[in-house]
Amino acid sequence: MTEKGRADVRPLSAHADLPRTLGRSGGVRTVNVVFLVLVLVAFVVAAVRQIGWTPPAGAEEPTSPMEQLGLGVVDAAEGSVTLALGLVGVMALFLGLMKVAEAGGLLRVVAKALRPVMVRLFPEVPANHPAMGAMILNLSANVLGLGNAATPFGIRAMQQLDTINPHKGTASNAMVLFLAMNTSSVTLLPTGVIALRAAAGSDDPAGIVPTTLFATICSTAVAITTAKLLQRFWSYPKPAVDEPAAGWAEVHDRPEEQPHQSDDPSQPAADDETSEEVWDTELPDAASEAYPGWVSALVFAVVAALIPLTVVYGKTIAPWIIPGLIVLLLGYGALNRVRVYEVFVEGARDGFQVALRIIPYLVAILVAVGMLRDSGALALLIDPLSQVTRLFGLPGEALPMAILRPLSGSGAYGVLASIIQDPAIGPDSYTGYLVSTFQGSTETTFYVLAVYFGAVQIRRIRHALAAALTADIAGILAAVAIVAYLYG
């Protein structure tokens, strides 16, 4: 801390030290349970098969179920490290580019374009209130794929929204809508997933940009609509006449409350990489600035126009995305007098550290998923379900991603890596595109809900979970539809 109420906050790109999915990891407790259950189930199934196993007649040196499980563990551990090392160059490239864009003020541009729309979506929040600025910056960071950078602004937004909440402990309509939008945010650049696809040998790693944009626009539209509709059925007490909600002036006259800290030391109040900087993050000047209304309308019209373009020309556009992205972001930085080489190298250095830091996550999850697959337990679970879901374009191989994604970000990331590394599937198959789009277009809903509402001790969440899960389902259905159209 440099002084009371302020903190030395790292640049936003420094918060993006893990892919979006790892930054919101689903909570340590959830990951612990998922990891342990996967390992135990795999062991039990393999043990049952081992007890009743008889070597096939005529086979030379047959492999028993338990031997197969042991060999699978070693192969999965080696493969996870190989994958992580392959991420080094690609992650360095993308974080370097995002660092240049950030230094050039791209986050400011997005925030200024969003402000007129946000003022209309949140009529109960004063236009010049700090909560509005924090929400705008949070969603702007999510749009650019800076998931961890969005976390400090998201928690700050919830704290500020709580200052104008007349019923402490109960989520206001603004809190619910903001959380629903946060879990379904429109994403233009799913950089972490692109990097993983490139490391897995994809011929078209950026092919998920149009599918992710389509899916997130659909899920965000559903999130807003659902939150607005459901607030009519979940009552919210009106403030008493003699007890008005706290105004902005009162906010500045009293110290900020510290976020709720869990009694369980294994359950962090925020994700591990940002918890020290989250609570007192200062808002840039862009948080209170806005473009004229017609400029914002034009920007949103362009984004809306991208939907039919991605549907009709998605395959044609995809090969241009990475080369075009490099030229556009470096050119944008140069036009804004950014020392593009030095800044790029600084961001690339962060990318190198990210790829190394991700190794333990991948080893743990890929080993657990590999055990589940090699034991035969995964087939026992997926085969019956896939008979139904494949009728709707959701193959059995993609089911673990659809189920796990709202629960555990790092778990889903490991499952994604396992699927696209499977030689029988690969990153450029229909299933590879589908699970990659799931990862880029849906959020770790339960973790976001726990962290954001836990920061202000919300106990009555009203329709927040229903709205967020509805948006998740919409994102999955939209992903299936667009991937089936482009790559099916």
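Got a number for carbon plus sulfur as a percent of the stretch 338-390's accessible area, 1.4 Å probe?
The C+S portion of the solvent-accessible surface of the stretch 338-390 is 66 percent.
Using only the alpha-carbon atoms of the stretch 422-469 as identical scatterers, what base-10 log of I(q)/I(0) does the Debye formula give at q = 0.22 Å⁻¹?
Debye curve over Cα of the stretch 422-469, log10 I(q)/I(0) at q = 0.22 Å⁻¹: -0.77.
Mind giving me the nanometre distance, one decimal, between the label points for Q50 and T63, set 7 Å out from Cα along Cα→Cβ?
It is 1.5 nm.
When N counts the residues of the stretch 394-488, how does its alpha-carbon radius of gyration compare numerically with 2.2 N^0.38 Å, as a ratio?
In units of the 2.2 N^0.38 Å rule of thumb, it is 1.19.
How large is the accessible surface per residue of the stretch 34-165, computed with a 1.4 Å probe and reported in Å² as a whole number?
Details: 5020 Å² over 132 residues.
It amounts to 38 Å² per residue over the stretch 34-165.
Rounded to the nearest 10 Å², what accessible area does L188 show when all protein chains are kept and the probe is 1.4 Å?
60
The values are calculated or read from the model by the stated rules, or taken from the named source; none is laboratory data. On a predicted model such as this, the values are computed, not experimentally measured, just so you know. All Cβ positions, glycine included, derive from the backbone under ideal geometry; neighbour counts span all protein chains shown. With ligands, DNA and RNA removed, areas are computed over all heavy atoms of the protein, side chains included. Shrake-Rupley method; radii C 1.70, N 1.55, O 1.52, S 1.80 Å.
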